[in-house]
Amino acid sequence: MAGLSFDLIALQLFAGLALGAIYVLFAIGLSLIFGMLTVVNFAHGAFYMVGAYVGLYLISIGGNFWICLLAVPILIGLFGLAVERVLIRPLYGRGIDYPLLLTFGLSYVMVECVRIAFGKTGYPFDTPEVLQGAVNIGVGYFPLYRLFVIGATAVVLLALWLFLEKTSFGLIIRAGARDPQIVRVLGVDVSRVWLIVFGIGTAIAGLAGLLAAPLQGVIPEMGGTILAEAFVVTVVGGMGSIGGAVLAGLLVGVVVSMTSLFAPEMAKVSIFALMAIVLIVRPQGFFGRAGLMS
Amino acid sequence: MTSKVIKAGSISRRRLLTTASAGAALAVSPFRINLLQAEEAPIKIGFPVPLTGPYGAEAQDQVRAGQLAVAQFNDAGGLNGRKAELVVRDDKLNPGEAATRTLELVEKEKVNFVVGSLSAAVQLAINNVTKERGVIFNSISQSDAINEAADFSKYTFHEALNPHMTSGAVGRYAFAKFGKKVAFLTADYAYGHEMVRGFLEVGKEFNIENLGDIRHPLGTTDFSTLLPRLQALKPDILCISNFGRDQQIALKQATDFGIKKSIQIIAPLLSHASRVAAGPQAFDGVVGGCSFYWGIEDKFASTKAFNDAFRKMYDGKLPTDYGALGYGGVRTVLEAVKGAGSVETDKVVAALEALKYDYYKGPQYYRKCDHQSVQSVLVIKSKSKDMKNESDVFEVLSTEEPDEKYLRSCEALGHKS
């Protein structure tokens, strides 16, 4: 193969960060829900997939991509609220495997429902016109839409950070995660807090699905692959740590990208190799709290 | 009177048979045996295909067209009144799953024949089961290995094209036209490997320069980390050898990266269902091969008849390439059953070997030594403009006529003759 130029390596690094942004967007919802609720949401990939399908449906009835950017997270968030209220809430305090099994089953139900409603075959999802094409980023051409996804991820992260760190409701959420009992004693309705956290987490999953749709089209099984990758990201970053998810997501993206450059056959394995190494050196992940799972 | 009975539906036939008077009449009738056969279990054709997973779109069309072949057989009276039935199973694109399902089809469902599969690797797993149990298997997806002596058995038939034929036809067209510097992006399993081997082989005639082959695992959803490298190689031709959803996503993302501006993308196979699922932009301008395109109906009466029958059965929908293979795979077996006048394996094998047929795409026949269907290969280009209907997606650039010289020789495959 031809030699490696600086530009190629820089472009490859950038491609890795862009890929990482998609992992981050998907994984923060997962991490948020786990960190606050200690619910391992196996249906996260299904919410992501439903987000893409809702976007597809809204566009088919005359909506556009920009409306979807707002409508999809709201609709999927509402759906998430319903799921938490009806299915997850009765399982709090019963051990971590109860909600895990429930959401695992739920993901199958959701995928099957979408198969029934939309069919087993995929659909194309056009990139919005203004975001089509590739632009020169100095070291080579890069798809404009992927740059947009990086921007969207940054906006979501910033909004989430402001919400959790700068609002009084965010303070209650953080306190509820640390010690729900004390918060309850102080007169706060913790179950309402958890409800909203679950809604936000699923809303972000829906948004991630919508943003991924123009990259790969939509298909009922699209949530499956990314779920495995997102679990790696949350485990490497530390279960429940949003900052950890961001760092780990970008790192996983770059590791995949760099392995792709030198040994493309190993790219998929490299993610899990990274996880194994991190778990050996630091079992709780980058910023994880030890003992959260027990 | 008796011929009327055969034509009637099964319920009236059954009623008739239970009446003593008819029984007495039949006892002396020369058609008695036929009628008794009509009461036998239907001719069962096992049909394992990957309905779920990245090749789902193609597999669904295989089933549709397979059902059509069965319906036509039954409408024409079946085998002296004995009807056929398609027993569909989802192999999930997994060799283990496919072997289990096939075993189940053979042992539990007692199928007479197996037709199906949609993967170079999975069909070998099915073939292992069928050849051990002496059941005819007509494979309807691409593979070079299945015809090789090591995997072949006299029960193995291959209705689909194989990678050698496909890459040969596409290579001969593309290397003469678009340039000699070629880079490859390849699905890392049998199908991809066999395609690249075929391209490199035909490439020798054109002195192509192989700039590199980047391999990706089956079921890859993001090619963004592989594309900059391929672009940096500056090839004239980027040859993408993958299939189904992998092909849809790879072409979509290659388009996003602006690869088509300076590089001609070719694919050994352009799947009709994938082109529809991915939309016109992703596939626009890509050149590839296929075994069948409905648009050749002006050329072949058999194509026209197949298209019309398919349209009629499926609300005006047109068949796809892999659909046509499902049809061809089932129809050849059923025609051989008719020809042999029996479902006995050895007789049907002989009938298949003797078949010279034109059921949907012009003349074909199974080569004696390896049971590969000798047939035409179409070289097509995907279009995004001037589409007359939703199935009007390709333009046929050239046709490689059926000829054994485009196949690997029987000796090369390890056969004696």
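No value in this document is a laboratory result; all are computed from the given coordinates. Bear in mind that the values here come from a model prediction, so they are computed numbers and not experimental data. Here Cβ is always computed from backbone atoms with ideal geometry, including for glycine, and neighbour counts include all displayed protein chains.
Please name whichever of B:111, B:224, B:193 sits farthest to the positive end of the charge dipole of region B:94-250, dipole taken about the Cα centre and charges placed at Cβ: Lys and Arg +1, Asp and Glu -1.
B:224
Given Cβ point charges of +1 (Lys, Arg) and -1 (Asp, Glu) and nothing else, what value in debye, to the nearest 20, does the dipole of chain B about its Cα centre take? Please list the in-between numbers first.
Details: 51 positive and 48 negative charges, 170 e Å.
My answer is approximately 820 debye.
Please compute the average number of Cβ atoms from other chains found within 10 Å of each residue's Cβ in peptide B:275-281.
Details: counts 1, 4, 7, 6, 5, 2, 4.
Per-residue shielding by partner chains comes out at 4.
Have a look at A:187, A:38, A:69 and report the one farthest towards the positive end of the charge dipole of chain A, computed about the Cα centre with Cβ charges (Lys/Arg +1, Asp/Glu -1).
So the residue furthest toward the plus end is A:187.
Post the alpha-carbon centroid distance, region B:117-159 to region B:320-372, in whole angstrom.
Measuring centre to centre over Cα atoms gives 15 Å.
Can you check what the net charge comes to around residue B:60, using other residues whose Cβ is under 12 Å from the Cβ of residue B:60 (Lys, Arg +1; Asp, Glu -1)? Walk me through the intermediate numbers first.
Working: positive: A:115, A:120, B:64, B:317; negative: B:58, B:61, B:90.
In short, +1.
Order of A:130, A:255 from fewest to most other C-beta atoms within 10 Å? Display every interim value, and only then the final one.
Working: A:130 11, A:255 19.
The order, fewest Cβ neighbours first, is A:130, A:255.
Students often forget the sequence filter, so: which lysines lie under 23 Å Cα-Cα from residue B:181 once same-chain residues fewer than 8 apart are removed?
B:204, B:234, B:252, B:260, B:261, B:381
Any idea how far the Cα center of region B:42-114 sits from the one of region A:55-83, in Å?
39 Å
Could you grab the Rg to Rh ratio for region B:287-417? Cα atoms only, Kirkwood for Rh. Please report the intermediate quantities before stating the final value.
Values: Rg = 16.4 Å, Rh = 16.2 Å.
Answer for region B:287-417: 1.02.
Normalising by the residue count of region B:351-417, find the relative contact order in percent from Cα pairs under 8 Å and 6+ residues apart. Display every interim value, and only then the final one.
Details: 86 pairs, mean separation 17.5, N = 67.
About 26 percent, as a whole number.
Return the average number of partner chain Cβ atoms within 10 angstrom of each residue Cβ along peptide B:234-247. Intermediate results must be reported in sequence, preceding the final value.
On the way: counts 1, 0, 0, 0, 0, 0, 0, 0, 0, 0, 1, 7, 0, 0.
Per-residue shielding by partner chains comes out at 1.
Report the Stokes-Einstein translational diffusion coefficient (µm² s⁻¹, integer) for region A:98-158, Rh taken as the Kirkwood radius over Cα pairs, at 25 °C with viscosity 0.890 mPa s. Walk me through the numbers before you get to the answer.
Details: Rh = 15.2 Å.
The estimated diffusion coefficient comes to 162 µm²/s.
For region B:135-249, what is the Kirkwood hydrodynamic radius in Å, using each pair of distinct C-alpha atoms?
Numbers: mean 1/r = 0.0661 Å⁻¹.
Across region B:135-249, the inverse of the average 1/r is 15.1 Å.
Per residue of A:120-132, how many C-beta atoms from partner chains lie within 10 Å of its own C-beta, taken as a mean?
Working: counts 8, 12, 12, 4, 11, 3, 5, 4, 0, 0, 0, 1, 3.
Across A:120-132, the average partner-chain Cβ count within 10 Å equals 5.
Over all distinct Cα pairs, what is the inverse of the mean 1/r for chain B, reported as the Kirkwood hydrodynamic radius in Å?
Working: mean 1/r = 0.0451 Å⁻¹.
Averaging 1/r across every pair of different Cα atoms and inverting gives 22.2 Å.
So what's the Cα pair-distance distribution over chain A, bin width 5 Å, in %?
Per 5 Å bin, starting at zero, the Cα-Cα P(r) for chain A comes out as 1, 6, 11, 16, 18, 17, 14, 9, 5, 2, 1, 0, 0, 0 percent.
Given Cα pairs under 8 Å that are at least 6 residues apart, what percent is the relative contact order of region A:1-126? Don't jump to the answer; show the numbers that get you there.
Working: 57 pairs, mean separation 37.6, N = 126.
Relative contact order for region A:1-126 comes out at 30 percent.
For the ranges B:71-81, B:130-140, what's the packing order if you count other beta-carbon atoms within 10 Å of each residue, average per peptide, and put the highest first? Before the final figure, lay out each step's value.
On the way: B:71-81: 17.2, B:130-140: 22.5.
So the peptides B:71-81, B:130-140, ranked by packing, come out B:130-140, B:71-81.
Sort by residue number and report every cysteine in the protein assembly as shown with no other cysteine beta carbon within a distance under 4.7 Å.
Those would be A:68, A:113, B:239, B:290, since no other cysteine Cβ in the protein assembly as shown comes under 4.7 Å of theirs.
Counting only Cα atoms, I'd like the Rg/Rh figure for the protein assembly as shown, Kirkwood definition for Rh.
With Rg and the Kirkwood Rh in hand, the quotient comes to 1.03.
Which residue, B:380, B:327, B:267, has the largest displacement toward the positive end of the dipole of the protein assembly as shown when charges sit on each Cβ (Lys, Arg +1; Asp, Glu -1)?
B:327
By a straight-distance test (C-alpha under 24 Å), which lysines pair with residue B:83 as possible cross-link partners, with residues fewer than eight away in the same chain excluded?
Answer for residue B:83, where 24 Å is the Cα cut-off: B:4, B:7, B:44, B:108, B:110, B:312, B:338, B:347, B:356, listed by chain and number.
Where the convex hull is taken over the Cα atoms of region B:184-270, what is its projected area averaged over directions, in nm²?
Numbers: hull surface 20.2 nm².
The directionally averaged projection comes out at 5.1 nm².
What ³J(HN,Hα) values, in whole Hz, does the Karplus curve 6.51 cos²θ - 1.76 cosθ + 1.60 give for region B:98-113 when θ = phi - 60°, with x put for Gly and Pro?
Per residue, the Karplus-derived 3J(HN,Hα) values read 5, 5, 4, 4, 5, 4, 4, 4, 6, 7, 8, 7, 6, 5, 7, 9 Hz.
Write down the radius of gyration of region B:305-352 and its Dmax, each obtained from C-alpha positions, in Å.
13.4, 39
Cβ under 13 Å from residue B:287's Cβ, residue B:287 left aside: what net charge do those residues give with Lys, Arg +1 and Asp, Glu -1? Display every interim value, and only then the final one.
Working: positive: B:172, B:177, B:260, B:275, B:381, B:383; negative: B:236, B:284, B:395.
With Lys, Arg at +1 and Asp, Glu at -1, the net is +3.
Name the helices (complete DSSP H segments) of chain A with a Cα length along the long axis of 27 Å or more and a Kyte-Doolittle mean of at least 0.0, or state none. All intermediate terms of the calculation are to be shown ahead of the outcome.
Details: long enough: A:6-37 (45 Å, 2.12); A:97-118 (31 Å, 1.20); A:144-166 (32 Å, 1.72); A:190-216 (39 Å, 1.60); A:242-262 (30 Å, 2.15).
Counting only whole DSSP H runs, the qualifying helices are A:6-37, A:97-118, A:144-166, A:190-216, A:242-262.
Sort A:194, A:161 so the one with the fewest other Cβ atoms within 10 Å of its own Cβ comes first.
On the way: A:194 23, A:161 14.
The most exposed by this proxy come first: A:161, A:194.
Per the helix-only calculation at 222 nm, which mean residue ellipticity applies to the protein assembly as shown, given -39500 (n - 2.57) for every DSSP H run of n ≥ 4 and division by its residues, nearest 500 deg cm²/dmol?
-18000 deg cm²/dmol
Over chain B, what is the mean sequence separation of C-alpha contacts under 8 Å (at least six apart), divided by residue count, expressed as relative contact order in percent?
Details: 859 pairs, mean separation 69.0, N = 417.
Relative contact order comes out at 17 percent.
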